[in-house]
Each structure stands twice: as structure tokens, then as C-alpha cells.
Amino acid sequence: MQKTTLEKVFEYASMPLHGTLSRKLRKQLKIQINEGAIYESAVLFLGEEFVRITQEKDGESINTYYSWEDIGSVRTFSPIEK
């Protein structure tokens, strides 16, 4: 998958954080990269060479880094609107 396509998926799934280059996942939306962990209420940073996902868990801030070249798939989860 091309970087530009992946950027569009991440941009769809998130919104800009005011005053930063980071993006926060949209409310009630979750993402999964390469069939791995599912991220919810996370903050994304779309760098030139990598993607950083920051989440809080058990009072800790956890940063996970992905190389653009190593991302093969991105899955989004959202509730069905009735």
C-alpha cells in the first residue's frame, strides 16, 4: 500500500489536535495496523518516515512506532449509525 493512501486512511480516522502536528482518533473510532493491537482514544503522529501512535494505559503513556514501509494494512472500526 502506498504512503499517500495510508495517510488518507489515517486522516479519515482522526482529526487535528489544535496547535500540534498530531491527530486524535475520532470519537468511537478504533484502528488496527497489520492485524495487530486495536487502538482506541489514541493520538497519531504522521511523520515523514514513520507513524507514532500514543495511548494511555494504566497511568502510562505508551508510544508505538511503525515504519511506513512496514504497514501492510489498516483496519478501522466504527459504530453503525441507525
Self-check item: Residue ID - surrounded by the fewest Cβ atoms within 10 Å (Cβ to Cβ), chosen from residues in the range 34-44 that are more than 8 Å from the chain's Cα centre (by Cα) and closer than 21 Å to Lys3 by Cα
Solution: Glu35
Exercise. Kindly indicate whether Arg52 is surrounded by 12 or more Cβ atoms within 10 Å (Cβ to Cβ) and free of Cβ contacts under 8 Å to residues at least 40 places away in the same chain.
Key: yes
Quiz prompt | Failed item, numbered, when Ser14 is tested on (1) of a type outside the set (Val, Ile, Thr); (2) surrounded by fewer than 13 Cβ atoms within 10 Å (Cβ to Cβ); (3) under 14 Å from the mean Cα position of the chain (by Cα) | solution = (2)
Quiz prompt | Complete set of residues in the range 5-34 that are touching a strand residue (DSSP E or B) at 6+ places or on another chain (Cβ under 8 Å), farther than 10 Å from Thr76 by Cβ and assigned to a helix (DSSP H, G or I) | solution = Leu6, Glu7, Glu11
Quiz prompt | Of residues in the range 17-33 being modelled with pLDDT of 95 or more and among the aliphatic types (A, V, I, L, M), the one farthest from the chain's Cα centre (by Cα) | solution = Leu29
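The values are calculated or read from the model by the stated rules, or taken from the named source; none is laboratory data. Just so it is clear, the model here is predicted, and its values are computed rather than measured. Here Cβ is always computed from backbone atoms with ideal geometry, including for glycine, and neighbour counts include all displayed protein chains.
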